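Step one of this worksheet: look at the structure below.
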Amino acid sequence: MLNTKLNELKRMLMEQASLVEKMVIISMNAIQSGYECNLESVMRYEDRVNRIELEIETYCTSLIALYQPEAKDLRAILMSYKINNDLERLADQAVNITESANAICGEPISEQFPQLLDMKLKSIAMLHKSMSAFINKDVALARQVCADDNEVDELNNSIRKNLVILMKKSPEFINNYLHLLRITNNLERIADLSTNIAENTVFLVEGKVIKHHVDDEQ
Amino acid sequence: MVKAHICTNNLNLWFGDNHVLYDVSMCVFENRITAMIGPSGCGKSSLLRCFNRMNDLIPSARIQGSILLDEEDIYHPKARVTDIRTRVGMVFQKPNPFPKSIFNNVAFGLKIQGKHSKSEIMDRVEKSLKDAWLWDEVKDRLHSSAMSLSGGQQQRLCIARALANGPRVLLLDEPTSALDPQSTAKIEELCLDLKSKVSILIVTHNIAQAGRISDYTAFMYLGELVEFGESSQVFTVPKDSRTEDYLTGVFG
């Protein structure tokens, strides 16, 4: 009985995740040469994401009230609720990236940062992998996402250091550099939120809390 | 669009001087499950029994208001009670098979109607037992006594007996309260399966059961219909504080 409903919940989250992934890809493509600067579609996707977020929230609340789930069913609903929230936040990060990408669209600035492409690919891959891990209850993949987060943090730090140097050297471009800083910070948040999804997946499958490195202490 | 199937309009019921239902207006929708919940003595079963005129059997019962089944008043002086009970089947709390064979329990209603051929009765019995998910368990012993079945099987037999008459509405009065959890789960799943064929009104003391299987929920208190709405709404954000209190165990 509840199983059918949980499958529907999973379907809704998959739809939401695919929209968010599209938003991140379109927004990031805009700062690379050869892509269009038209970013209206990201905003249209955001409206849909907000609507689906509310639908998933209501659905989760109803499932708890009507079915009084226990054990893994309860964990599935609670984690879906949290992941739903993370996905909505991810869409917000994509919108932030879009705003800054719009400001520097067509400028050759991103070409000065070869790490940016790497950071973009890694963040998007983390988002994709974390949702695959959740949908397929793949704990090994989820743990890998958590490990990947460090690489994105390092790339972010490295880009930030370069930006500070460039800001001092060419203050006339400071506006562009600030937008780029905002983009990388948001990419770093995308990696963090993907890590949240992965940590919640581990809790869903194994019932273990791994966030804040709680399991290291035990 | 959901269609109202059977509706009460300002229904009042008295047993002698005792006023037990106050201006109840609600509908059971077609091919949906409606659950009635509320504390003991709130009038759930009395209301349920109005839907197929079972209260007629109580001499002191008096009714005011109307109940429309497919827009026909079932309390109209010219309405035939047997016809109404054919269209509105009922299953009770305690399984109550007749002390007859499994076959004859299901065939009973059809036989007394006296308008069906033997082969037609055979077919209807088989179909009803299949619809009640009992056929595979009893097909080799249709002529054994119904009393030899387990409690859960007896209850599904009672459902098959009601289905044999081709009802449009099925009334279930706490159908699982005398059953073990496994038999209960089977009856619940059966209800979900049956709703494509009949509209179901179920009285239950088990709030979780109402949540699991019903599309609509009616909450009754002291003979009054306090709240009626989609179960997803009644169970998450009830409109009346009494419903909220009952669902959260403050009373009842």
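Against the list (1) more than 15 Å from the chain's Cα centre (by Cα); (2) polar (S, T, N, Q); (3) open to solvent by less than 20 Å² (accessible area, probe 1.4 Å), the condition A:ASN84 fails is (1). Is one or more of the residues making up segment A:142-155 of a type outside the set (D, E, K, R), at pLDDT 90 or above, open to solvent by 80 Å² or more (accessible area, probe 1.4 Å) and out of contact with any strand residue (DSSP E or B) (no Cβ under 6 Å at 6 or more places or on another chain)? Yes; the residues of segment A:142-155 include at least one that is of a type outside the set (D, E, K, R), at pLDDT 90 or above, open to solvent by 80 Å² or more (accessible area, probe 1.4 Å) and out of contact with any strand residue (DSSP E or B) (no Cβ under 6 Å at 6 or more places or on another chain). The numbered conditions (1) more than 13 Å from chain A (Cβ to nearest Cβ); (2) open to solvent by less than 40 Å² (accessible area, probe 1.4 Å); (3) among the acidic types (Asp, Glu) are all true for B:ASP245 except (2).
Residues in segment B:197-207 that are more than 10 Å from chain A (Cβ to nearest Cβ) and either over 16 Å from the mean Cα position of the chain (by Cα) or not in a strand (DSSP E or B) (or both): B:LYS197, B:VAL198, B:THR204, B:HIS205, B:ASN206.
Could you identify the single residue in A:GLU111, A:GLU70, A:GLU55, A:GLU107 that is within 14 Å of another protein chain (Cβ to nearest Cβ), in contact (Cβ under 8 Å) with a residue 40 or more places away in the chain and open to solvent by 10 Å² or more (accessible area, probe 1.4 Å)? Answer to the selection: A:GLU55. Each residue in segment B:208-236 was checked for being more than 9 Å from every other protein chain (Cβ to nearest Cβ), surrounded by fewer than 23 Cβ atoms within 10 Å (Cβ to Cβ) and among the β-branched types (Val, Ile, Thr), and 1 of them qualify.
It is to be established whether one or more residues within segment A:61-81 are of a type in the set (A, V, I, L, M), over 25 Å from B:SER231 (Cα atoms) and modelled with pLDDT of 95 or more.
Checked segment A:61-81: no residue is of a type in the set (A, V, I, L, M), over 25 Å from B:SER231 (Cα atoms) and modelled with pLDDT of 95 or more.
Taking the conditions exactly as written (open to solvent by 50 Å² or more (accessible area, probe 1.4 Å) and of a type in the set (Gly, Ala, Ser)), does B:SER199 satisfy them or not? Against the criterion (open to solvent by 50 Å² or more (accessible area, probe 1.4 Å) and of a type in the set (Gly, Ala, Ser)), B:SER199 does not qualify.
None of B:GLU174, B:GLU189 is in contact (Cβ under 8 Å) with a residue 60 or more places away in the chain and among the acidic types (Asp, Glu) except B:GLU174. In this structure, is A:ILE183 in contact with a helix residue (DSSP H, G or I) (Cβ under 8 Å, 6 or more places away or on another chain), modelled with pLDDT of 95 or more, hydrophobic (A, V, I, L, M, F, W, C) and open to solvent by less than 30 Å² (accessible area, probe 1.4 Å)? Against the criterion (in contact with a helix residue (DSSP H, G or I) (Cβ under 8 Å, 6 or more places away or on another chain), modelled with pLDDT of 95 or more, hydrophobic (A, V, I, L, M, F, W, C) and open to solvent by less than 30 Å² (accessible area, probe 1.4 Å)), A:ILE183 does not qualify. Listed by first and then second residue, the pairs with beta-carbon distance under 8 Å, at least 6 apart or on different chains, first residue in segment A:75-91 and touching a residue at least 24 places away in the same chain (Cβ under 8 Å), second among the small types (Gly, Ala, Ser), are A:ARG75/A:GLY207; A:LEU87/A:ALA17; A:LEU90/A:SER194. In the set (1) part of a helix (DSSP H, G or I); (2) away from chain A (no Cβ under 14 Å); (3) open to solvent by less than 20 Å² (accessible area, probe 1.4 Å), the condition left unmet by B:LEU190 is number (2).
Only residues that are part of a strand (DSSP E or B), open to solvent by 10 Å² or more (accessible area, probe 1.4 Å) and within 23 Å of B:GLU188 (Cα to Cα) were counted across segment B:1-25, and they come to 1.
The rows are residues; the columns are (1) outside any loop (DSSP other than H, G, I, E, B); (2) in contact with a strand residue (DSSP E or B) (Cβ under 8 Å, 6 or more places away or on another chain); (3) modelled with pLDDT under 95; (4) farther than 17 Å from B:PHE98 by Cβ.
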| site | (1), (2), (3), (4) |
| --- | --- |
| B:ASP136 | yes, no, no, yes |
| B:LEU142 | no, yes, no, no |
| B:ALA162 | yes, yes, no, no |
| B:SER177 | no, no, yes, yes |
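Count of segment B:70-85 residues, restricted to those that are over 13 Å from the mean Cα position of the chain (by Cα) and surrounded by 15 or more Cβ atoms within 10 Å (Cβ to Cβ), is 3. Selection of segment A:39-52 for residues being outside any loop (DSSP other than H, G, I, E, B) and either open to solvent by 20 Å² or more (accessible area, probe 1.4 Å) or at pLDDT below 95 (or both) yields A:GLU40, A:SER41, A:VAL42, A:MET43, A:ARG44, A:TYR45, A:GLU46, A:ASP47, A:ARG48, A:ASN50, A:ARG51. Scan segment A:93-104 for residues that are buried (at least 22 other Cβ atoms within 10 Å of the Cβ) and either within 14 Å of chain B (Cβ to nearest Cβ) or under 15 Å from the mean Cα position of the chain (by Cα) (or both) and the total you get is 4. Within segment B:94-105, is even one residue farther than 16 Å from B:LEU171 by Cα, modelled with pLDDT of 95 or more, polar (S, T, N, Q) and in a strand (DSSP E or B)? Within segment B:94-105 (the criterion being farther than 16 Å from B:LEU171 by Cα, modelled with pLDDT of 95 or more, polar (S, T, N, Q) and in a strand (DSSP E or B)), the answer is yes, since at least one residue qualifies.
Matching residues to (1) of a type in the set (D, E, K, R); (2) without any contact (Cβ under 8 Å) to a residue 40 or more places away in the chain; (3) touching a strand residue (DSSP E or B) at 6+ places or on another chain (Cβ under 9 Å); (4) more than 14 Å from every other protein chain (Cβ to nearest Cβ):
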| residue | (1), (2), (3), (4) |
| --- | --- |
| B:ASN105 | no, no, no, yes |
| B:LYS111 | yes, yes, no, yes |
| B:MET147 | no, no, no, yes |
| B:ILE159 | no, no, yes, yes |
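In the set A:LEU78, A:LEU90, A:LEU63, only one residue is more than 14 Å from every other protein chain (Cβ to nearest Cβ) and open to solvent by less than 20 Å² (accessible area, probe 1.4 Å); that residue is A:LEU90.
With respect to the stated conditions, A:MET23 fails to be farther than 24 Å from B:ARG212 by Cα, loosely packed, with under 15 Cβ neighbours inside 10 Å and more than 14 Å from chain B (Cβ to nearest Cβ).
The values are calculated or read from the model by the stated rules, or taken from the named source; none is laboratory data. Small disclaimer: the values here were computed from a predicted structure and weren't measured. Backbone-built Cβ (ideal geometry, glycine too); neighbour counts: all protein chains shown. Accessible surface areas use protein heavy atoms only, side chains included; no ligands, DNA or RNA. Shrake-Rupley method; radii C 1.70, N 1.55, O 1.52, S 1.80 Å.
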